[in-house]
Amino acid sequence: MSGDASRDQQLLWLYSTGEHECSYLPDRRARTVFVDPRHQLTATQYGTLARQGMRRSGSYVYQPNCAACQACKSLRVDAMAFRPNRSQRRCLRRNDDLRIVSRPPAFNERHFQLYLDYVDQRHPGSSMADADRRRYMEFLVADWSQTRFNEIRRGDELLGVAVTDYLPDGLSAVYTFFDPQEGARSLGTWAILWQISEARAAGLAHVYLGYWIAESPRMRYKTAFRPCEIHSGGRWQVYNPAPNGAAED
C-alpha cells in the first residue's frame, strides 16, 4: 500500500469549539466541529470530507454543529447540468474581455493589497480587514490542499483573484476578492461561472460554494446557480425553492 493510500485509511480526530456568537444570524449561538488541524490530509480525505458537507478555511476543515439550529447547509452546483440564467448570461457578456491566469498558492504582494482593498470596502471593521501577510496566507492556503490563485485579468490588469481548491470530484470556491471599484462587473458571479466552466472542462461534477443559510440575505446568491444541491440530513438533496420564493430572472 502506498504512503498516500495508507494515510487515506487513517482515522481523523474531530474536535468541537465551545458555544460562541453566530456570525450570520443575530441572537443565535454557534458551535463548530473541525478536523485536527495538525493532521496532514490527503486529497482523497479532503474530497471525502467535502462530500460530507465540510468546508476548509486555511488548514481547518470544519462544519457547524449547533445544538439548537441547523440553518447552515453546504451547497454545491451540478457543473454538468448547470445552465446560466438570464442575469448570469448578461454577466458573461459584460465580462467577455476578461481572462484567467492560474498561479500557484504563493504570496503575491499585489494580490494581498487587492485583498485588503476588497475587505476594507466589503467587510469594514471585521477581523479580516486587520489581516497581515501571515494571516492572509493562513486563511487561504493549507499545505496539503491543491489550491490555485486564479487571477482575473483584463489584458495585463489584475482585477481579482478566485482562490480555488481542486478536489477529486470538483472545485471548491475558497474565496474570491476583487477591485471594489469594479463592482458593476459582478466579478463574484463571474468567478463562480468560470469555476463551473472550469470544472466541466475537467470532467468534474461539482463546484462547492461553502455554507448557505436560507435566512441570510448575503448568501442568497448561491442558490441562483442551478441545479444545485444542499447537504441536509446526512445526504445531498436537490435544492427546490419554496413556491412563494423569489423567481429566477
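Summary of computed values
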item	result
Any hit, the stretch 130-142, residues being surrounded by 17 or more Cβ atoms within 10 Å (Cβ to Cβ), in contact with a Lys or Arg (Cβ under 8 Å, 6 or more places away or on another chain) and either within 22 Å of Thr189 (Cα to Cα) or modelled with pLDDT of 95 or more (or both)	yes
Where Gly53 falls short, out of the listed (1) surrounded by fewer than 19 Cβ atoms within 10 Å (Cβ to Cβ); (2) in a loop (DSSP other than H, G, I, E, B)	(1)
Pick from the stretch 204-235, criterion under 14 Å from Ala79 (Cβ atoms) and part of a strand (DSSP E or B), ranking: nearest to the chain's Cα centre (by Cα)	Leu209
Residue among Gln121, Gln181 that alone is of a type in the set (S, T, N, Q) and at pLDDT below 95	Gln121
Filter result (of a type outside the set (S, T, N, Q), farther than 19 Å from Leu92 by Cβ and part of a helix (DSSP H, G or I)) within the stretch 159-192	Pro180
Any chance Val101 is in contact with a strand residue (DSSP E or B) (Cβ under 6 Å, 6 or more places away or on another chain), β-branched (Val, Ile, Thr) and without any contact (Cβ under 8 Å) to a residue 60 or more places away in the chain	yes
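The values are calculated or read from the model by the stated rules, or taken from the named source; none is laboratory data. Only a predicted model underlies this, so the values are computations on that prediction, with no experimental measurement involved. Cβ: placed from backbone, ideal geometry, glycine included. Neighbour counts: every protein chain shown.
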